[in-house]
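What follows is a single structure, written as structure tokens, with notes after it.
Computed from the coordinates by the stated procedures, all read-outs in this text should not be read as laboratory data. All values reported here derive from a predicted model rather than from experimental measurement. Using ideal geometry, Cβ is built from the backbone for each residue, glycine included, and neighbour counts are taken over all protein chains shown.
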Amino acid sequence: MKKKKFEVGVFNQAVRDAHSQGDRHKNLSDSWAETHYIEVEATSKIEAVKQLQLRYPASHGFRIVGAMEIPALE
């Protein structure tokens, strides 16, 4: 199956929580309180999300907020 490009939003809930309490996360920059949009190549949206769940695990506070296919320019 041909791979497509997807853009997936990821943020870190632990960083957001610390930031809202006027604190800082001990390991991650404050920028993780905001959504980062990461491009990934995958055969489906589900596969794209799974790839990022492995790189940015929920057990470390990361949250996936959406994924969309980037249309190919031909």
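Listed options for volume of the Cα convex hull per residue in Å³ are [x] 107; [y] 82; [z] 92. The value calculated from this structure is the one marked [y]. Here the dipole of the chain is about 260 debye; that uses its Cα centre as origin and unit charges on the Cβ of Lys and Arg (positive) and Asp and Glu (negative). Length gained on full extension, E39 to M68, computed as 0.36 nm times the residue gap minus the Cα-Cα distance: 9.5 nm. Working from Cα positions, state the angle (0 to 90°, nearest 10) between the long axis of helix 45-55 and the longest principal axis of the chain. Here the helix axis deviates by roughly 40 degrees. Among Q21, Q51, Q13, the largest mean-square fluctuation in a Gaussian network model of the chain, built with springs joining Cα atoms closer than 10 Å, belongs to Q21. For the cross-link pairs K5/K26; K3/K26; K5/K50, which exceed 25 Å when the distance is taken from alpha carbon to alpha carbon? Violating the 25 Å Cα-Cα cut-off are K5/K26; K3/K26. Restricting the chain to trypsin sites (Lys or Arg not before Pro) that sit in a DSSP loop and have at most 15 other Cβ atoms within 10 Å of their own Cβ leaves K2, K3, R24, K26.
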